[in-house]
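Input: a single structure, listed below in structure tokens.
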Amino acid sequence: MRFASTFARWSRRVCTAAGIGVLLVTNALLAQSAEDETRFVDHSLLVAPEYPATWPSAPFPRFQINHQRTIGPDSACNIDTLLIDGNTGTQLDVPPHSVARPDLDRPKSGPFGLAWTDRIEPWQFGGEACVVDVRDLLDQAPNGTSPLVLQRHVERFEQQHRQLRFGDVVLFRSDYSDRYYRPFPEGSRYIADILDRKSPGYPDPDPACMEFLASRGVMTLGTDSASMGPLPNLAEPTHYAGLQHGMIWTEGATNLGAIPATGAFCINLFPRHKDGPYGEGRAFSITGGDLPARLIDAAKNKRAIDLSPVLEQGLPLQSPGIGNGNHRQVYLKIDFLYSEYLDMHHHTHLMDSMTGTHLVPPAYALPPVGTNPVYSPEVRGWLEDYESKYGRRGWSSRTTEQVPLSWTCGEARVIDVRSLSGTTAEETWPNSPVIPPQLILDWEQQHGALQPGDVVIFRTDHVERHLKPAPEDTGLWSEPLSGASEGWPAPSVDTVQLLHQRGIRCIATDAPDLGGVNPRHAIMTYWALGSRDMVGVEFLTNVGRIPTNSYFLFAAVRIRDCHGGPGRAIVLHD
């Protein structure tokens, strides 16, 4: 009995030790697998009317979204109009926010006074995230006053990790926005209560800290506070201390605790408004696997190409529609506050949600789940034809904010379809050349098979050739839509199906849209995309400059219930 008892105890110990060993090995393998898996981490606040997304002081305009048309008898698609200021949600500041233009010859004048949002080079948008943990400062100040992030806090990071350098994106993590960005009335705590001296301010660096970062060569920053400027009286000195060196930074970031202290690739992409001193944006990180290091290296060595045209009033940036009364909201710049020192107006924009480079989410052309819209007789006929050949048209409530960032980023696979131009008979206009599945198959024979997650980009050169101000603006939209010229190449439903079979989530084009000028063809293409939970990125330019081994990055502003989504597209290349 004694032998048996001893043997049993020995057996249990061996089995327990083996179990612990297996568990430790399993946990180690799971941890390694997590490190090897590429993840996209969103750092952007949700923009919606009931959130504190805009600066609360007069006369800054509040964000508005107007669902101008919804799917029904007068529209086959959902069409939104936006009133959006550059100080909305997660945003980007550039030097002219505080640096005066050189020609003004003032004490704060400098060459970076011309570095507007449309002129910042895309390599500066991102780099290696270096998360400086300043959570110990949260709420550690009197009401109306910001706790200061000092040089010693940055040096603490350097002692724990490494010295900062050019190519880093320094992120100040206090968890402020994570805690206080809430719908109203709780949302007043985010900014308004500080300005009213009811609550402590958000943590922010002082001017000396900015100078120290400049001495390290840092050009890109971010904060999860509502602004990079400490309240009540250091906001402008801190802004100028960094912006005078050509820095740019993200304000209103969130979720910084979801990435490691170093090693992730972090970027902010934003619409390319002309002469913008700041801009609404979409900040996110990529972590895990080999991709972050590849993108960090490309950005640090300035291997970046901008694929978005400048947004400027007077350019044909939105569809004029077919027939009177069917045009989209014209892009308007609206001045509302004049800065005498900078000789500059603060401004907001009124625009269609599909202005310039933009996202096409599934909910653009698909009705919400559980609804059965009444189409016009003509569109009902198109739907019957579509469903008889391709099966049921789907439903979707996936608006812009619900599209994963990983869907609109991936290896850039440029398919040149320029050879299709000129292949339609004039008597068939308005008509677009159709991009057939065979063209995709022929391209794969030459360039290799498409892989799941690739971003397919159709090169037409249409936007690049025709994006001009009036009176030379008719070649982009008006002439093709009216039948005075041939339309731009657009994929067929069969082509969309083939790309879906390849695992493609995102199709992009440097044409005005993926539908083409024939409305029947266009809506069927969008039904096909949406029903397969695929997305589009439209209105690119510069596609002919994309080299091989390029990674495509696009993100739309995170606007709730938006059926389009202005954004910015770039590539970083090897």
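Taking the criterion of being touching a Leu at 6+ places or on another chain (Cβ under 6 Å) and surrounded by 14 or more Cβ atoms within 10 Å (Cβ to Cβ), the only residue of region 323-333 that qualifies is TYR331. Taking the criterion of being modelled with pLDDT under 95 and either buried (at least 24 other Cβ atoms within 10 Å of the Cβ) or in contact with a Pro (Cβ under 8 Å, 6 or more places away or on another chain) (or both), no residue of region 347-372 qualifies. Candidates in region 405-445 are the residues that are of a type in the set (Asp, Glu) and touching a strand residue (DSSP E or B) at 6+ places or on another chain (Cβ under 8 Å); of these, the one that is surrounded by the most Cβ atoms within 10 Å (Cβ to Cβ) is GLU411. Within region 468-475, does at least one residue satisfy the condition of being out of contact with any helix residue (DSSP H, G or I) (no Cβ under 8 Å at 6 or more places or on another chain), without any contact (Cβ under 8 Å) to a residue 24 or more places away in the chain, in the same structural domain as ARG392 (by TED's automatic domain parsing) and basic (Lys, Arg)? Looking for residues that are out of contact with any helix residue (DSSP H, G or I) (no Cβ under 8 Å at 6 or more places or on another chain), without any contact (Cβ under 8 Å) to a residue 24 or more places away in the chain, in the same structural domain as ARG392 (by TED's automatic domain parsing) and basic (Lys, Arg), one finds none in region 468-475, hence no. In region 365-379, the residues that are of a type in the set (S, T, N, Q) never reach a residue that is loosely packed, with under 11 Cβ neighbours inside 10 Å with C-beta atoms less than 7 angstrom apart, at least six apart or across chains.
Residue by residue, here is whether (1) outside the structural domain of LEU529 (by TED's automatic domain parsing); (2) part of a helix (DSSP H, G or I); (3) of a type outside the set (A, V, I, L, M); (4) within 22 Å of ILE559 (Cβ to Cβ) holds:
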residue: PRO316; (1), (2), (3), (4): yes, no, yes, no
residue: SER319; (1), (2), (3), (4): yes, no, yes, yes
residue: GLN329; (1), (2), (3), (4): yes, no, yes, yes
residue: PHE336; (1), (2), (3), (4): yes, no, yes, yes
residue: LEU342; (1), (2), (3), (4): yes, no, no, no
residue: HIS347; (1), (2), (3), (4): yes, no, yes, yes
residue: MET351; (1), (2), (3), (4): yes, no, no, yes
residue: GLY370; (1), (2), (3), (4): no, no, yes, no
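Before we move on, is ASP494 outside any helix (DSSP H, G or I) and surrounded by fewer than 21 Cβ atoms within 10 Å (Cβ to Cβ)? It is false that ASP494 is outside any helix (DSSP H, G or I) and surrounded by fewer than 21 Cβ atoms within 10 Å (Cβ to Cβ).
Taking region 499-574 as the region of interest, the strands (runs of 3 or more DSSP E) fully inside it that hold 2 or more residues being closer than 18 Å to ALA304 by Cα and assigned by TED's automatic domain parsing to the domain that holds THR399 are 550-556, 567-573. Can you find a residue that is within 25 Å of PRO122 (Cβ to Cβ) and in a helix (DSSP H, G or I) anywhere in region 201-212? For region 201-212, residues within 25 Å of PRO122 (Cβ to Cβ) and in a helix (DSSP H, G or I): present.
Those strands (runs of 3 or more DSSP E) of region 1-109 in which 1 or more residues are surrounded by fewer than 15 Cβ atoms within 10 Å (Cβ to Cβ), modelled with pLDDT of 95 or more and of a type in the set (S, T, N, Q) occupy 64-69.
Restricting ASP297, ASP275 to residues that are modelled with pLDDT of 95 or more and on the phi > 0 side of the Ramachandran plot narrows the list to ASP275.
The values are calculated or read from the model by the stated rules, or taken from the named source; none is laboratory data. Bear in mind that the values here come from a model prediction, so they are computed numbers and not experimental data. So basically every Cβ, Gly included, is an ideal-geometry build from the backbone, and we count neighbours across all protein chains shown.
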